[in-house]
Structures are given as structure tokens and as C-alpha cells.
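Each remark here refers to the structure printed beneath this line.
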Amino acid sequence: MLHKITRLIAGGESETLDFKQTISDASKIAKTLVAFANNKGGTLLIGVRDNGSISGIRSEDEKYMLELAGTFYCEPKINVTYTEYEIDHKTVIEAKILVGADKPYYAKDKDGKWWVYHRVNDQSLQASAVMFQVIRKQNRANAEISSYSFIESEILKALQQEKPLSLQDIVNRINIKKNRVIYSLAKLIHFDLVAVTHHQKLEFYRLKP
């Protein structure tokens, strides 16, 4: 029977799984912790190369860096639980991050600035203004929407075409201030009426089928 970690690796990196050969920078790994906490939670496999081969960890530094990142580089703090496994005489750490109960979570960069990240496929990306509002709304119950505001109705009309639109596309089409569009668009995404797609790290929106 294949080892649990070997089966995970075989599935490849994803929205909830990330490989790290090593951890040498607490501020960098904090981005991944925050992205998982702001999404569905996730698992870090440390001692695994991007191509899925096992390198193993060489010291206790990875555990220290995980704790440092979760405690001092994440706000609110993120608790990381981890388990060590021996595979082919190499040590791999499986670190688990639960979905956050106090979204949004922020990661501090080397300049002391705090940023929100979220998980898109196998990447941890800085949240756009729209996704920041969506993440904020995730702490609330996802009840059905009973009626649409004027702006929400205009956004839905603008998205009634096959090609996904960027935020600026929507603003240009309905001629309403961007900050008002951002809030209403986030609400429509929260209620699962609008889907978010990404192309080369750019964000686009379309109606859900």
C-alpha cells in the first residue's frame, strides 16, 4: 500500500495542497498559511520539491519557521499542526492549516506591511479589492439573496454575455463609481451568483450557470 504522503504527492499541488522543499523565510510562508486560512484550509508538505520528488528536511528549522510565521507574521495568529513522516529514510513534515474562523487573515511582509492572500488553484495570490470583500463576508451565514439593488442589477446585466469581464470592464459599462461596484460585486460572488476566474493572475467575473 502506498504511504499516505506518497498518495498526496501523486495528486499534485492544488487549492488545498502545497509543496515546499524547505522553509527559510517566515514572511514568505506566512502568505501560504494566510491563503489557506482565508480559503478552505490546506496542507503543506515540507521536504517535497515542486516536481513531487522527496528531498526531506535537514534540520529543525522548518518547525521553528512554521511557528514563527503563524505567530508573528499572521494576523489573527494561525495555529499550524504538523506530523513528521519517514519515507525512504527522509523526513517529510505534513503541516495542516484549518479554515479560518476570523477572516480575513493578513500576512506581514519584510517591510512590516500587512496583506491579505487567498488560494487560487495551486497559487497563493494577494487578494484584490473585490476578493477582500468576499473573504470578509465569509464569516457570515450564506443565506439566499431576496432582492437586488440597482447596482447589483446593473452588474448582472453587464455580465449577461459569454466573455468574462474585469472589474474595470464592469465599471466602464455601468458607469458607477468603482468602490460601489466592488462592494456589490463581492456580494453577488458571496451569494454564488457570480463566478471568479483568473488568467495570468488577472481577475475576471462571469455569471454562474
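Quick notes on this structure:
- Neighbourhood net charge (13 Å Cβ-Cβ; Lys/Arg +1, Asp/Glu -1) for Lys108: +1
- Rounded tilt (10° steps) of 61-72 against the dominant C-alpha axis of the chain: 30 degrees
- Using the rule -39500 (n - 2.57) for each DSSP H run of four or more residues, divided by the residues of the chain, the 222 nm mean residue ellipticity is -10000 deg cm²/dmol.
- Axis of helix 26-37 versus longest Cα principal axis of the chain: the two differ by about 60°, to the nearest ten degrees.
- Count Lys and Arg as plus one, Asp and Glu as minus one, and take only other residues whose Cβ is under 15 Å from that of Arg136; the net charge is then +2.
- Put simply, the amide H of Leu17, placed in the peptide plane, has neighbours under 5 Å in Thr43, leaving out anything fewer than 5 places away on its chain.
- Considering only Cα atoms, the convex hull volume of the stretch 4-126 works out to 90 Å³ per residue.
- Residue by residue, the stretch 47-55 carries 3J(HN,Hα) couplings of x, 10, 6, 4, 7, x, 6, 8, 9 Hz when phi is fed to the Karplus relation 6.51 cos²θ - 1.76 cosθ + 1.60 (θ = phi - 60°); x denotes Gly or Pro.
- Read-out Cα Rg over 2.2 N^0.38 Å, derived from the coordinates shown; its label in [x] 1.67; [y] 1.16; [z] 1.01: [y]
- For the stretch 139-207, applying the loop criterion from DSSP together with a ceiling of 14 other beta carbons within 10 Å to the GluC sites (Glu not before Pro) yields Glu144, Glu162.
- Above-threshold pairs, the threshold being 18 Å between Cα atoms, out of Lys31/Lys77; Lys4/Lys63; Lys63/Lys113; Lys31/Lys103: Lys4/Lys63; Lys63/Lys113
- Loop-located GluC sites (Glu not before Pro) in the stretch 1-73 (DSSP state not H, G, I, E or B) with no more than 14 neighbouring Cβ atoms inside 10 Å: Glu60.
- Here the spin labels are modelled as points 7 Å beyond Cα on the Cα-Cβ line, and at Lys96 and Leu207 they lie 4.2 nm apart.
- Angle in degrees between helix 178-190 and the longest Cα principal axis of the chain, rounded to the nearest 10: 70 degrees
Coordinate-derived values only; no laboratory data. What you are looking at is a predicted structure, and each value in this text was computed from that prediction instead of being measured. No Cβ is skipped: glycine too gets one built from the backbone with ideal geometry, and neighbour counts run over all protein chains shown.
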